[in-house]
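Peer 1: Provided herewith is a single structure, encoded as structure tokens, for subsequent inquiry.
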Amino acid sequence: MTAPLAIDVRGLTKSFGGTKVVDGFDMQVARGDIYGFLGPNGSGKTTTIRLLCGLLTPDSGAGTCLGYDVLSESEKIKREVGYMTQRFSLYEDLSIRENLEFVASIYGIRRARRTVGETLEKLNLADRAHQLAGTLSGGWKQRLALAAAIMHKPKLLLLDEPTAGVDPKARREFWNEIHDLAAEGLTVLVSTHYMDEAERCHKICYLAYGKLLARGTVEEVIEQSGLCKLKAAPTLEDVFVHLMRDVTDNFAIKKAG
Ligand SMILES: Nc1ncnc2c1ncn2[C@@H]1O[C@H](COP(=O)(O)OP(=O)(O)OP(=O)(O)O)[C@@H](O)[C@H]1O
Ligand SMILES: [Mg+2]
């Protein structure tokens, strides 16, 4: 018997102001996988993440997230998902500990003091627990946001560009944390513009203009692109530039037509 999928959605579509920003999107993510979500600015990654965790309702399409129906069971999904938003959304004028205590109270976490203490230790935040969030550097802010997202012990972690603007060392450390969490059984969907991060994912997909252009392991995506016939040892970045050239041409033709 195959393991149940953490995410299994088909044909998700969402429009804003008459423009389809997610267009017939399919995604299957196995439990315990780190799944990379790639695509240019405005391609629909954040919108898709919000559709998956029940913050937005799709116009059409169907499927499940953690076994719950994305159309009718969004409250159950929200309880079991940790969502780290693209922009820092904690309180700058509260300390690290106060932010986590606040989040713990929102989730109604029992033995909150102990859970906050354990989370501070787990993410190496204990030494800075009294520092105001607003005075933290980008890397530490992201670490705090990750702590807030995992404190209620979610089964699925949705990370929306968690390392944007973070220095390479902090990015590497952040990714080590992600791998540790996945090793504990957490499923992770992570959007990123960094190719080195994509290469640390078990699987990836690439979205443009709301449509899925490629998916699979990094090796499969490179292989499926056919670029190996045109270029020696193409990189993932080469593949995405190549894919975008085709899709931008098609989009321009459609608009002109
Ligand atoms: N609430 C909204 N109302 C209207 N348009 C929206 C809304 N949310 C997103 N959009 C539009 O939908 C499109 C997709 O946006 P989205 O934020 O999902 O892209 P993204 O792939 O996450 O981009 P980025 O890499 O820049 O974060 C964009 O054109 C955006 O302007
Ligand atoms: Mg986004």
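The values are calculated or read from the model by the stated rules, or taken from the named source; none is laboratory data. On a predicted model such as this, the values are computed, not experimentally measured, just so you know. With ideal geometry, Cβ positions are generated from the backbone for all residues, glycine too; neighbour counts draw on all protein chains shown.
Peer 1: Return the total of residues in the stretch 206-244 being under 14 Å from residue 39 (Cβ atoms) and either part of a loop (DSSP other than H, G, I, E, B) or touching an Asp or Glu at 6+ places or on another chain (Cβ under 9 Å) (or both).
Peer 2: 8
Peer 1: All but one of (1) within 16 Å of ligand 1 (Cβ to nearest atom); (2) part of a loop (DSSP other than H, G, I, E, B) hold for residue 130; which doesn't?
Peer 2: Here residue 130 meets the rest and fails (1).
Peer 1: Tally up the residues in the stretch 71-119 that are polar (S, T, N, Q), loosely packed, with under 15 Cβ neighbours inside 10 Å and closer than 25 Å to residue 52 by Cβ, please. Before you say what the answer is, go through the steps one by one.
Peer 2: Start the filter on the stretch 71-119 by keeping residues that are polar (S, T, N, Q), which leaves 72, 74, 85-86, 89, 95, 99, 105, 115, 119.
Next, from what is left, pick out any that are loosely packed, with under 15 Cβ neighbours inside 10 Å: 72, 86, 89, 105.
Next, from what is left, pick out any that are closer than 25 Å to residue 52 by Cβ: 72, 86, 89.
Total satisfying the criteria: 3.
Peer 1: Of these, 33, 23, which one is touching a Phe, Trp or Tyr at 6+ places or on another chain (Cβ under 9 Å), in contact (Cβ under 8 Å) with a residue 60 or more places away in the chain and of a type in the set (Asp, Glu)? Before you say what the answer is, go through the steps one by one.
Peer 2: Details: 33 fails: touching a Phe, Trp or Tyr at 6+ places or on another chain (Cβ under 9 Å).
Answer to the selection: 23.
Peer 1: Step by step: first the residues of the stretch 36-58, then only those that are touching a residue at least 60 places away in the same chain (Cβ under 8 Å), not hydroxyl-bearing (Ser, Thr, Tyr) and not in a loop (DSSP other than H, G, I, E, B), then the one that is nearest to ligand 1 (Cβ to nearest atom). Which residue is that?
Peer 2: Among residues in the stretch 36-58 that are touching a residue at least 60 places away in the same chain (Cβ under 8 Å), not hydroxyl-bearing (Ser, Thr, Tyr) and not in a loop (DSSP other than H, G, I, E, B), the one nearest to ligand 1 (Cβ to nearest atom) is 45.
Peer 1: Can you give me the number of residues within the stretch 8-22 that are buried (at least 19 other Cβ atoms within 10 Å of the Cβ) and either under 18 Å from residue 218 (Cα atoms) or more than 9 Å from ligand 1 (Cβ to nearest atom) (or both)?
Peer 2: Within the stretch 8-22, residues that are buried (at least 19 other Cβ atoms within 10 Å of the Cβ) and either under 18 Å from residue 218 (Cα atoms) or more than 9 Å from ligand 1 (Cβ to nearest atom) (or both) number 2.
Peer 1: Working only within the stretch 197-229, note down all residues that are of a type in the set (Asp, Glu) and free of Cβ contacts under 8 Å to residues at least 24 places away in the same chain.
Peer 2: Step one: of the stretch 197-229, the residues of a type in the set (Asp, Glu) are 197, 199, 219-220, 223.
Listed by number, the residues that qualify are 219, 220, 223.
Peer 1: Out of (1) more than 16 Å from ligand 2 (Cβ to nearest atom); (2) in a loop (DSSP other than H, G, I, E, B), what's the single condition that is false for residue 165?
Peer 2: That leaves (1) as the condition not met.
Peer 1: Any idea which of 239, 188, 166 is buried (at least 20 other Cβ atoms within 10 Å of the Cβ) and closer than 19 Å to residue 5 by Cα?
Peer 2: On the way: 239 fails: closer than 19 Å to residue 5 by Cα; 166 fails: closer than 19 Å to residue 5 by Cα.
Just one listed residue meets the conditions, 188.
Peer 1: Does residue 129 count as of a type in the set (Gly, Ala, Ser), within 28 Å of residue 54 (Cα to Cα) and either within 16 Å of ligand 2 (Cβ to nearest atom) or modelled with pLDDT of 95 or more (or both)?
Peer 2: Working: of a type in the set (Gly, Ala, Ser): yes; within 28 Å of residue 54 (Cα to Cα): no; either within 16 Å of ligand 2 (Cβ to nearest atom) or modelled with pLDDT of 95 or more (or both): yes.
So residue 129 does not fit the description; no.
Peer 1: Looking only at the stretch 1-15, how many residues end up being without any contact (Cβ under 8 Å) to a residue 24 or more places away in the chain and farther than 21 Å from residue 188 by Cβ? Working first, answer last.
Peer 2: First pass over the stretch 1-15, keeping only residues without any contact (Cβ under 8 Å) to a residue 24 or more places away in the chain: 1-2.
Now narrow it down to the ones that are farther than 21 Å from residue 188 by Cβ: 1.
Qualifying residue count for the region: 1.
Peer 1: For residue 145, work out the one condition from (1) small (Gly, Ala, Ser); (2) within 16 Å of ligand 2 (Cβ to nearest atom); (3) in contact with a Gly (Cβ under 6 Å, 6 or more places away or on another chain); (4) in a helix (DSSP H, G or I) it doesn't fulfil.
Peer 2: (3) is the only condition that residue 145 fails.
Peer 1: Going through 82, 61 one at a time, which residue ends up being under 18 Å from residue 29 (Cβ atoms), more than 16 Å from ligand 1 (Cβ to nearest atom), touching a strand residue (DSSP E or B) at 6+ places or on another chain (Cβ under 8 Å) and outside any helix (DSSP H, G or I)?
Peer 2: Working: 61 fails: more than 16 Å from ligand 1 (Cβ to nearest atom).
Going through 82, 61 in turn, the sole match is 82.
Peer 1: Under the condition of being assigned to a loop (DSSP other than H, G, I, E, B) and within 15 Å of ligand 2 (Cβ to nearest atom), which residue from the stretch 191-203 is surrounded by the fewest Cβ atoms within 10 Å (Cβ to Cβ)?
Peer 2: For the stretch 191-203, the residue satisfying everything is 193.
Peer 1: Quick check on the stretch 120-137: of everything there that is among the small types (Gly, Ala, Ser) and touching a residue at least 40 places away in the same chain (Cβ under 8 Å), which residue is surrounded by the most Cβ atoms within 10 Å (Cβ to Cβ)?
Peer 2: Filtering the stretch 120-137 for residues among the small types (Gly, Ala, Ser) gives 126, 129, 133-134, 137.
Those left that are additionally touching a residue at least 40 places away in the same chain (Cβ under 8 Å): 133-134.
Working: 133: 21, 134: 13.
The residue in question is 133.
Peer 1: Here's something else I'd like to know. When you check residue 95 against the structure, is it over 19 Å from the mean Cα position of the chain (by Cα), away from ligand 1 (no atom under 16 Å from the Cβ), of a type in the set (S, T, N, Q) and within 30 Å of residue 240 (Cβ to Cβ), yes or no?
Peer 2: Details: over 19 Å from the mean Cα position of the chain (by Cα): yes; away from ligand 1 (no atom under 16 Å from the Cβ): yes; of a type in the set (S, T, N, Q): yes; within 30 Å of residue 240 (Cβ to Cβ): no.
Spelling it out, it is not the case that residue 95 is over 19 Å from the mean Cα position of the chain (by Cα), away from ligand 1 (no atom under 16 Å from the Cβ), of a type in the set (S, T, N, Q) and within 30 Å of residue 240 (Cβ to Cβ).
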